[in-house]
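Please read the structure below before turning to the comments.
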Amino acid sequence: MSQHPETKAIRIQTPKTEQKEHATPLFLTSSFTYNSAEEMAAAFADDSLEVNIYSRFSNPTVDEFINKIVALEGAEDGVATGTGMAAVFGTFMTFLSNGDHIISASAVFGSTHTILTKYLPKWGIEYSYFNMNKPEEIASLIRPNTKMLYVETPSNPGLDIVDIESLAALCKKNNILFVVDNCFATPAVQQPIPLGADLVLHSATKFIDGQGRVLGGVVVGNKDLVKQLYLFIRNTGPSMSPFNAWVLTKSLETLYLRMEKHADSALKLATALQDHPKLSWVKYPFLSNHPQYAIAKKQMSNGGGILTFELKGGIESGRKFLNALQMLSVTNNLGDSRSIAAHPASTTHSKLSEAERQEVGITPGLIRISVGLEHIDDILLDIKQALDKS
Ligand SMILES: Cc1ncc(COP(=O)(O)O)c(C=O)c1O
């Protein structure tokens, strides 16, 4: 019986144990036992994903989490990691070698930018950046040694969007692996694999957890690619903990409901703030003035839970805005049931020069709001009163 993704997010479950538990059990164990020396020898002889040996390799609770993401993303197989960055780094390390070249959007998460610019070159892997607002640049950056195209869409924090289907076609034509960080949208809103991406990865720390509790990452794709990545993770160690997988698989049961609510409130908030006198602009994928609105409408089922706006008063106004908030949390995380405000220029990106910030799309008055699940009127009231004081 084919089920809707909302149902799969709830009903995919580790086979019931003899205890006949209803909620999914937590297999908090480092290793698994064997009935005989021969059975153990057979398990070690076979590095397939089927036999549980040791939780760095596989674990039933982690497998349940992976199986759900695989189903929701329309993939064949997947690997879970301890953090989103382990998913990014593991993907680069598995598929890129000395002498290879990667093309990435310049608007990527800060730590991904650090891997691309500081670590990959140490191992002889070259990178080129393209501007998300000029994807036509990509074709001219392709070289004979280009192995991977990497994008976040929507990007963090700029909310830039690229057309997944057209980039997938370009990659196919040039035999390049196309990797999409789908963290901001989640599979409840956007599925890059059916649109042609080869691998999709997530920081599960964000909307997939949805309550700011645990770190996690996951990469999904076809069986061949995932097998290579699995062996890298299994041997080098950034595996997901069973406890975190248990938290995350329970979270997935509410992902669709939560994403709808996050997006509904984010659109209401973006619309309400659009003409605010203290703001020079408001950006949200499903606002018709978003530069890639048509693409967002084509590939996303809603606009997601993040919006940004620019304070006319720049850096100083940003500081005042954060200090005036009474309910919204001031923290660097996102994708939580609690609404969060961030001002990158005075906090996470304060060590960068003005020019460096401009390059990654961080303007002086940029505020990123992760819209939570509180009543929209309370979120709006807090933001409006903080704007008055900014
Ligand atoms: C788009 C994106 N990718 C990757 C990461 C890294 O994930 P983690 O913090 O789980 O390592 C983040 C974290 O904010 C992110 O926003």
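Values as computed for the structure displayed
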item	result
Nearest-10 value in Å² for the accessible area of GLU6, using the 1.4 Å probe	90 Å²
Residue-normalised accessible area of region 167-259, given per residue in Å² at a 1.4 Å probe	33 Å²
Region 16-93 - convex hull of alpha carbons, volume per residue in Å³	132 Å³
Projected label distance in nm at TYR119 and LYS384, using a 7 Å step from Cα toward the beta-carbon	4.5 nm
Share of carbon and sulfur in the accessible heavy-atom surface of region 29-153 [1.4 Å probe, %]	52 percent
Rounded accessible area per residue of region 310-387, 1.4 Å, Å²	45 Å²
Square roots of five times the Cα gyration tensor eigenvalues for region 221-364, Å	32, 21, 18
Region 139-218, relative contact order in percent, only Cα pairs under 8 angstrom and at least six apart counted	26 percent
Sites LEU257 and ALA169 - FRET efficiency at Förster radius 41 Å, r taken between beta-carbons, to 0.05	0.75
Residue-by-residue Karplus 3J(HN,Hα) for region 330-341, coefficients 6.51, -1.76, 1.60, Hz, glycine and proline x	9, 7, 8, 6, 8, x, 10, 5, 8, 5, 10, 10
Nonlocal Lys pairs with alpha-carbon distance under 21 Å, region 247-288 (8 or more apart, or different chains)	4
Average projection area in nm² (convex hull over Cα atoms of region 310-383, one quarter of hull surface)	4.8 nm²
Descending semi-axes in whole angstrom, ellipsoid equivalent of region 1-131, from the Cα gyration tensor	35, 22, 12
For the chain, built as a Gaussian network whose Cα springs stay under 10 Å, the top-fluctuating residue of GLN211, GLN274, GLN292	GLN274
Accessible surface of region 295-366 [probe 1.4 Å, protein heavy atoms]: carbon and sulfur percent	48 percent
Lysine-lysine proximity count for region 1-145, Cα under 28 Å, sequence distance 8 or more or distinct chains	6
Distance between region 1-75 and region 191-244 - C-alpha centres, whole angstrom	15 Å
The chain: relative contact order in percent, alpha carbon pairs under 8 Å with at least 6 residues between	17 percent
Nearest-0.05 FRET efficiency for TYR54 and LYS312, computed from C-beta distance (R0 51 Å)	0.35
Whole-number Å³ per residue for the convex hull built on Cα positions in the chain	148 Å³
Segment GLU136-GLU356, extension gain: residue separation times 0.36 nm, minus the distance between their alpha carbons	76.9 nm
Average accessible area per residue (Å²) across region 1-131 - probe 1.4 Å, nucleic acids and ligands excluded	51 Å²
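The values are calculated or read from the model by the stated rules, or taken from the named source; none is laboratory data. Here the structure is a predicted model, which is why all the values come from computation and not from measurement. Cβ sites come from the backbone with ideal geometry, for glycine too, and all protein chains shown count toward neighbours. Side chains included, ligands, DNA and RNA excluded: accessible areas come from the protein's heavy atoms. Shrake-Rupley method; radii C 1.70, N 1.55, O 1.52, S 1.80 Å.
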